[in-house]
Amino acid sequence: MTEKATHPSWITSFLAIVRYELLWNIRKKKLYGVVAIAFALATLELFLRVILSNVANQPLSADPNFAINTGTGIGSLGFFLFALVTVMNSISGEFESGTIVPLLTKPVSRTTVFLGKMFAAFVTLLGAFTVLLVYLALGGSAIYEAQNNLHLLPIVLLGSIVSTFVWVAIILAIGALS
């Protein structure tokens, strides 16, 4: 009697790769550094107009659209840094260190590995950008009075993640070429 080798389902393999990559991203000290820099830039964005209005001796005017107009408050440099830290060693670093070999010897397709890594990067960015947007919305409400159009924040969040994934694609392409 022959037994068939059972392979895990695609979703089981995918979720295992996502879990592995999320744990790998959480252990990166660089990620914590970039999050700290992002909060510093967001805080600067919050208080820059307050400081400038105090220097000019002018009262601070209400800005009901601050949270929507500011986005995540980190600008394109912040998007690049998040993309760099999130995926810089995701694939090319694993080839260099040899840690990809055990992963690729499993009965999992390379497409599943790639999609799992990208989904983990998406989840990492989603968490960081959500916290930044909530911070800026609360800060904008505290400093610039009540905020309008807060229902548009999910669109701002999606736009920020898509903008960052443009940089992710560029970084992955450079990593593959080098």
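The values are calculated or read from the model by the stated rules, or taken from the named source; none is laboratory data. Please read these numbers as outputs of a predicted model, since none were measured by experiment. Cβ sites come from the backbone with ideal geometry, for glycine too, and all protein chains shown count toward neighbours. In case anyone asks, the SASA skips ligands and DNA or RNA and just uses the protein heavy atoms, side chains included. Shrake-Rupley method; radii C 1.70, N 1.55, O 1.52, S 1.80 Å.
Can you pull the one-decimal nm distance between simple spin-label points at S9 and E96, each 7 Å off the Cα toward Cβ?
3.8 nm
Cα to Cα, under 15 Å, and not fewer than 8 places away if on the same chain: which aspartates and glutamates meet these conditions relative to K28?
E94
Take A40, project a point 7 Å from its Cα along the Cβ direction, then tell me which residues of region 48-77 have their backbone nitrogen under 16 Å from it.
48, 74-75, 77
With a probe of 1.4 Å, find how much accessible area the chain has per residue, and write the answer as a whole number in Å². Walk me through the numbers on the way to the answer.
Values: 10540 Å² over 178 residues.
So the chain comes to 59 Å² accessible per residue, rounded to a whole number.
For T112, T70, give the ranking by accessible area with the largest first, probe 1.4 Å.
Working: T112 5, T70 30 Å².
My answer, sorted largest first, is T70, T112.
Based on DSSP H assignment, which helices of the chain show an axial Cα extent of at least 15 Å together with a mean Kyte-Doolittle hydropathy greater than or equal to 1.6? Provide the component values of the computation, followed by the final result.
Values: long enough: 10-27 (26 Å, 0.73); 29-55 (37 Å, 1.44); 75-87 (19 Å, 2.13); 110-144 (49 Å, 1.54); 153-177 (36 Å, 2.44).
For the chain, where a helix must reach 15 Å along its axis and average at least 1.6, the hits are 75-87, 153-177.
For region 35-166, which whole percent of the accessible surface, found with a 1.4 angstrom probe, sits on carbon and sulfur atoms?
Numbers: 4790 of 6850 Å².
Using a 1.4 Å probe with all protein chains present, region 35-166 comes out at 70 percent carbon and sulfur.
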